[in-house]
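Working notes, structure below.
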Amino acid sequence: MVAEIARHLFIPGSDHVKRREAVGKPLTELTLREARGYLEKIIEKWGDYDITDIEVAGVGTYLFNLKRSGSWKKRYITIFYEIFDEARGLAFASLDLRFRVLSAFTCGADTAVT
């Protein structure tokens, strides 16, 4: 389930954060808190889904219909992708999810999926 994977991400001192630091991607405390906020939104919407049941088009449609800025949607996708990266590392090596995010300056249709 998405929630099971996401609950362990972006927690100070967690294995996830240590792995990021080891590859030169450290996170500030502020960034960790911000990312956790997005994770809560993702868990609220997608937490009960099996990670392999998430479809790119479904996430794209959901985001397209949200009244949020393009930058907010991009960040949501970035955090969501982090969940998929974690899932691939855990047990879902064949899991493949690709988001293509258009410019945040595009009005209305600022998020697309492939």
| request: Considering only region 45-66, state which residues are closer than 15 Å to Ala3 by Cα, of a type outside the set (S, T, N, Q) and either open to solvent by 20 Å² or more (accessible area, probe 1.4 Å) or not in a loop (DSSP other than H, G, I, E, B) (or both). | output: Lys45, Trp46, Asp48, Tyr49, Asp50, Ile51, Asp53
| said: Within region 25-39, take every residue that is basic (Lys, Arg) and part of a helix (DSSP H, G or I) and give me the one that is least open to solvent (accessible area, probe 1.4 Å). | reply: Arg36
| Looking at region 91-105, is at least one residue at pLDDT 85 or above, within 17 Å of Val2 (Cβ to Cβ) and among the aromatic types (Phe, Trp, Tyr)? | no
| field | Checking Ile42 against (1) part of a helix (DSSP H, G or I); (2) loosely packed, with under 12 Cβ neighbours inside 10 Å, the condition it does not meet | value | (2)
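The values are calculated or read from the model by the stated rules, or taken from the named source; none is laboratory data. These numbers were taken from a predicted model, which means no experiment stands behind them. When we count neighbours, we look across all protein chains shown, and the Cβ atoms used for this are built from the backbone with ideal geometry, even at glycine. SASA here: full protein model, heavy atoms, side chains in, ligands and nucleic acids out. Shrake-Rupley method; radii C 1.70, N 1.55, O 1.52, S 1.80 Å.
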